[in-house]
1. Using a 10 Å cut-off on Cβ atoms, rank the peptides 277-285, 168-176, 528-536, 128-136 from the highest mean neighbour count down.
2. Which of the peptides 80-91, 154-165, 475-486, 324-335 is most tightly packed, and how do the rest follow, judged by the mean count of other Cβ atoms within 10 Å per residue?
3. With the radius of gyration and the Kirkwood radius both derived from the Cα set of the stretch 55-203, what is their ratio Rg to Rh?
4. In this model, which of Lys234/Lys466; Lys98/Lys138; Lys89/Lys197 are farther than 25 Å apart at the alpha-carbon?
5. Between Ser193 and Thr102, what length comes free when the chain is fully extended (0.36 nm per residue of separation minus the Cα-Cα distance, one decimal in nm)?
6. Once label points are set 7 Å from the Cα along Cα→Cβ at both Thr496 and Phe511, what is their separation, rounded to one decimal in nm?
7. Calculate the spin-label point distance for Asn486 paired with Thr525, positioning each point 7 Å from the Cα along the beta-carbon direction, and give it in nanometres.
8. For Thr132 and Lys147 in the same chain, what is the full-extension length gain: residue separation times 0.36 nm, less their Cα-Cα distance, in nm?
Amino acid sequence: MEQNKVKGITLIALVITIIVLLILAGVAISTLIGDNGILGKAVQAKEKTNEAGDLEYLQTEALGIMSEYYGSITDMQEDEYILTELGKKSGITANIAKGTVTYKNKEYTLSEITGGTEEKEQIEKNGLEEITLANAEKGSLEETLLKEQSVKAIIVEKEDKTNKAVIPTGFYYVTGTPSTGLVISDKMGDDDSNSKKGNQFVWILCSGTNGITYEKTDDNGTGNHGLASYWKNKYSSKQWSYTTLPQTGETITDWSDNGGNYASVTKYGGFYIGRYEAGVPRDADFYADSEGATYYKDEKKNSDEVLSMSPIVQKGTQSWNYISQEKAKKVSENMYKNSTSVISALVDSYAWDTALEWITTNSQYSGIGMDSTNYGNYSNNVKITTNALHALHRLGVANETGKAAGKKDYWTYAVTYQKGNITTGRISLIQSIREKYEFALNSYDDTNYGYSLHKELATGASEVTKVKNIYDMSGNMWEWTTETGNRVTASTRFETTFAVIRGGCYVSSGFDNPISHRQGSDYITASYVSIGFRPVLYIKV
């Protein structure tokens, strides 16, 4: 009789199995716990998320405090004010001497909170030194300026410390150097691409080795009103309808300018000019840079309602055209009317001519005052505008890289000429977004007429237009200035005021209308599709 075979496990095998299970359990436990374990990493991730949220909270609080600071009357510097006010918030302890705050047992520097870390990195990257009240030499001019409420910091070039730029309170360094075009923004953490949508300005250096002489002299001195002295010597051929009015043939000789700020420029060694042409404020109901938006003319852009608005000086937006000189002057002054550190204004003749002279000190741009074709959005600049309609069949005009232009290329005019007769006429193509992008859908007489296209570009849309970090001074929009002249009609004693426009336009030639171009035949109350404006900043004395 066969015996039943019973299968089992030996004691040795059981021990080995238990050992293997213990090893696997140990591996599993070590994977879950410890600094590098799953649970440990989860805790670390949670802590980092909480810290990011805490920092975001502090940044939000600091932004609110900065807004209060700009509208307040105080002897404190910006950093001291922010730290003091943060220290009043629940759960926050501020150390003014160290420049830090402690929140939820973690210490943060003010630079981390206000974006100063990135700012300092960029300053170092560009070979610059930042002078603040903390590191200024005792008794120096820098220390004297920094004790004033208007000045946040002074940026100095390491290779030549005579070249300096003053950073006003409430503004932040972005890029560049004093001699090549130092850029600031009113939004912390902003960059060269203007990704934070801050208003950006470029320093015009009027002191130091690489600075140039400011064109306006002291009002109490000899005076130099009206045309800049060097402009008359260099660019007098680039004036149109300036001495003789095309409407009547009359001559105006008493051009003058009540703009400019000699005291500020001489004290601080320079001033700021808008990096971009003035743009339509984003909260305005006539802001149009999106699909389906309506492109409004002067009925909205030049209404009395705009007198309480402020322009934006930002990349990739709609230039504020269809606005009169008198309204452009007012809205420019609105930008920082509550600031304790800067005064904003419409660009004046002195600022324009000084900026032009500063640009031409660079050999690359030495001829830009006589011919700006290659540096602006002009009808004859082949780097930006293509005039061959038959090669396009739509308004996706090729840009300087040869690719179809994007939606930021905005509004266009077609200039027609009758074949065989050279008779010209201008047709507006701004009625709708559909017409803008599908030119072929419009019924134009291709048989008897030829067409060329001229485009109004978004602000800073092409790098071709950038000179010393400033965009579109030589093209895109003619720009209003504060320079004016008066005509008095003897029979009626009726006085008419004319305003000067500068630079060039997308419907003009870069040779005829270079950056130096000056024209004075437009009334201060007139508004056109082809004229915009640009603000300047003067640091408060």
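1. Numbers: 277-285: 19.6, 168-176: 23.8, 528-536: 25.4, 128-136: 16.7.
Top of the packing list down: 528-536, 168-176, 277-285, 128-136.
2. Working: 80-91: 15.8, 154-165: 19.4, 475-486: 25.5, 324-335: 22.2.
In decreasing order of mean packing, 80-91, 154-165, 475-486, 324-335 become 475-486, 324-335, 154-165, 80-91.
3. Numbers: Rg = 15.3 Å, Rh = 15.9 Å.
Looking at the stretch 55-203, the ratio lands at 0.96.
4. Values: Lys234/Lys466 22 Å; Lys98/Lys138 20 Å; Lys89/Lys197 28 Å.
Listed pairs above 25 Å: Lys89/Lys197.
5. Working: separation 91, 0.36 × 91 = 32.76 nm, distance 3.28 nm.
Contour length minus Cα-Cα distance gives 29.5 nm.
6. In this crude label model, Thr496 to Phe511 measures out at 3.2 nm.
7. The answer from the label model is 1.6 nm.
8. On the way: separation 15, 0.36 × 15 = 5.40 nm, distance 0.95 nm.
Between Thr132 and Lys147, full extension yields an extra 4.4 nm.
The values are calculated or read from the model by the stated rules, or taken from the named source; none is laboratory data. It should be emphasised that the depicted structure is a prediction, and the values quoted were computed from it without experimental measurement. Methodologically, a virtual Cβ is constructed for each residue, glycine included, from the backbone with ideal geometry; neighbour enumeration extends over all protein chains shown. Surface accessibility is based on the protein's heavy atoms, side chains included, excluding ligands, DNA and RNA. Shrake-Rupley method; radii C 1.70, N 1.55, O 1.52, S 1.80 Å.
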